[in-house]
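Worksheet for the structure shown next.
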Amino acid sequence: MKAAQHGGGAGGLVRRMAEQRKTLGAIMAEASRDQEASESKLSLVDLLAIGIGSTIGSGVFVLTGNALPIAGPSAVVAWLLAGLVCLFSSLAYMELSARLPTKGSCYVFSYHGLGELVSVIGAVCLTMEYGISGSGVARSWSGQLFALTGNWWVMCYNGGAPGEPGCNGDDDFYFDPLAGAMTALCAVVVALGTDMGKLVINAFTAAKICTVLFLIIAGLSLWTGNMFQSAATFAPTGAAGIVSATSVLFFGFIGFDEVCCMASKAKDPAKTMPKALAGTLLGAAILSGTAQLALAAMVPWTESMTSIAFPQAFGQQGWQWAKWLVSVAELALLPLVVLLSILPQPELTAAMSEDGLLPSVFRKSTRGVYRRGTIIVGAVLSILAACVPFSVLWDVISIGVLLSFNLTNASLVQVRYGNGGSISEPRINGLVWVMLGAACVAGFTMYYGLMQPLMAGDHLQWPMSIISFVTLAIAFAAALAVSRCEVKCDMRDPAIFKAFGVPFIPCLAMFFNFFLIAAIEPRNLLYFGVFLVFIVGLYVAYIVGKRGQGDCSAKSERNIDVPQVDLVDTPASEGESTSGSSARNT
């Protein structure tokens, strides 16, 4: 597709970026090269260690204590509901990781199903979820170390003393060299290659699982009272409390999609990735939900209770040794989350570099390891960890994660119905965007019209409530219209995982994800929007600059040094798959 088809200038180029999609042939060529280049492969056990290691952690150590005052013992049910909501989105990841078994996760899925411009948004969201959040976790780790030892090795930006308001673990407005050093160390481990990385990850994940099992066994052994005495005892805040806790606990499952970015290093990724994703979700749900039960058994709910973590709970029960054991174990194991957050970032930047969206240095590898890219990424993230306060960024990161889920859900619908690699079905393309837009409006109006007043004990906002139900009906009407169209991808190959309920489950997942985004402070939504516009603007300027220098080929301005496969497919003939069984032959 030539730029001239849409007119000259930057406007025509931007429009072409929005429409141009990466073909299955180009994706599979990259996947094949990656499989040949990577000498050491990740097994299903290795991928489960990555998934579970990055998922359980804050959910068990922090969110269980946050959810208990909100819902009481019924927070266990909230974990199950949160896992179910997360499952809706994970189905899209399972199928697309089988059809497109290569690095890049949401970035590649979006490039194939939604277009190049949207894929850049997906890449920004993934960078927030992976690298940037890893820097934030490093600052949290150093804050816990400071709190445990009483020694703060930081320089306060406000000129105050370490540990005081504005310069403590809650308001981290300080320069933190320890967090920067931890991030740099984790980047070095990633740069050493898959063998060293998976050895460290597997060992730390096993230790983390053992720690969680200790929390469960010790907590249940200190069972106090009878939480099942009555419905009021089990769910003291009712259904509203369960729903509110679900919106909090959903973020305890974030990280399950990280394994998708490691597909290029997996053994038989088309078969392994769906199993790794399902196992990660199941393992996280069982461990986190059972830990919540143990905490609820140990600390009976009271109306005046505040958030409580496991160390505090053990201290209240007189088990001081358990309190210190858990505190030290959490401190020792938190660097695993930093390592796992950095691990997929070089894979993402390499995928973008192969498409010409980043300089070529990010795709240079040695035996499948992107050492130069890892060093650059590690240096940037180390600076972020040392210098940038994260107290204002966590919600922004959460928005990026939820938006990436929705882009993946939308990509699955596009691929299923013939728009993978090119816009062969314009009607489907329009309906998918209607689904996204209507789900967005429904999610926000449902939260502000129903959920927020319900939690505050105020009157429902009926105009917004009516809008929420109308737009939700529009979203599902669009899904119904899509479902009546012909499926245009391979549904007979038994090696491919097929998500059920498409397009209705993806539509429902979009609604739930936007509903959770609506619960985030409007100020942080604005921050995210400004950041996203800034990054996308830089991307457009970069591509326009490359075009002006004559660095772009007629076929693809972003496909530098990739085998000569057009990024835009010709329309598939009748019965031909745009995402078919060839995806399993890498």
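The values are calculated or read from the model by the stated rules, or taken from the named source; none is laboratory data. This structure is a prediction, so every number in the text was calculated from the model and none was measured. Ideal geometry is used to build each Cβ from the backbone, glycine not excepted, and the neighbour counts take in all protein chains shown. For accessibility, only protein heavy atoms count, side chains too; no ligands or nucleic acids. Shrake-Rupley method; radii C 1.70, N 1.55, O 1.52, S 1.80 Å.
Assorted remarks:
- 3J(HN,Hα) along the range 161-167: 8, x, x, 7, x, x, 8 Hz, from the Karplus curve 6.51 cos²θ - 1.76 cosθ + 1.60 with θ = phi - 60°, whole Hz, x for Gly and Pro.
- Rounded to the nearest Hz, the phi-derived 3J(HN,Hα) couplings of the range 517-526 under the Karplus curve 6.51 cos²θ - 1.76 cosθ + 1.60 (θ = phi - 60°) are 4, 4, 6, 7, 3, x, 4, 6, 4, 5, where x marks glycine and proline.
- The chain, accessible area per residue, ligands and nucleic acids excluded (1.4 Å, Å²): 38 Å²
- Proximity of backbone amide H atoms, modeled 1.01 Å from N, is registered between residue 172 and 390, 391 at under 5 Å, excluding neighbours fewer than 5 places apart on the same chain.
- Taking only the C-alpha atoms of the range 396-487, the Rg (one decimal) and the largest Cα-Cα distance, Dmax (whole number), read 15.6, 50 Å.
- Ranked packing of 415-422, 160-167, most packed first, by mean Cβ within 10 Å: 415-422, 160-167
- The packing ranking of peptides 376-386, 185-195, 527-537, highest mean first, is 376-386, 185-195, 527-537, where packing means the average number of other beta carbon atoms within 10 angstrom of each residue.
- Under 23 Å of direct C-alpha separation, and excluding same-chain neighbours fewer than eight residues apart, residue 198 reaches these lysines: 41, 103, 208, 265, 267, 271, 275, 364.
- Computed over the alpha-carbon atoms, the range 230-376 gives an Rg to Rh ratio of 1.11, Rh here being the Kirkwood radius from the mean inverse distance.
- Packing-based ranking, highest mean first, of 95-106, 226-237 given that Cβ atoms within 10 Å are counted: 95-106, 226-237
- Which of 432, 520, 316, positive extreme of dipole for the chain (C-beta unit charges): 432
- Taking only protein heavy atoms and a 1.4 Å probe, the accessible area of the range 108-168 is 63% carbon and sulfur.
- Out of every Cα-Cα pair that the chain contains, those further apart than 47 angstrom amount to 12 percent.
- Average Cα contact separation per residue, the chain, under 8 Å, 6 or more apart, as relative contact order %: 28 percent
- Net dipole in debye of the chain [+1 Lys, Arg Cβ; -1 Asp, Glu Cβ; about Cα centre; nearest 20]: 880 debye
- Built amide H within the under 5 Å cut-off of residue 42, gap 5+: 266, 267
- Between 0 and 90°, nearest 10: helix 177-191 axis offset from the chain longest Cα axis: 50 degrees
- In sequence order, the range 20-28 has phi-based couplings of 5, 10, 8, 7, 4, x, 5, 5, 5 Hz under the Karplus curve 6.51 cos²θ - 1.76 cosθ + 1.60, θ = phi - 60°, and Gly or Pro positions carry x.
- Mean residue ellipticity at 222 nm, helices only, the chain: -20500 deg cm²/dmol; runs of at least 4 DSSP H residues each add -39,500 (n - 2.57), and the sum is divided by the number of residues.
- Three principal axis extents of the range 46-195 based on alpha-carbon atoms, in descending order, are 54, 43, 34 Å.
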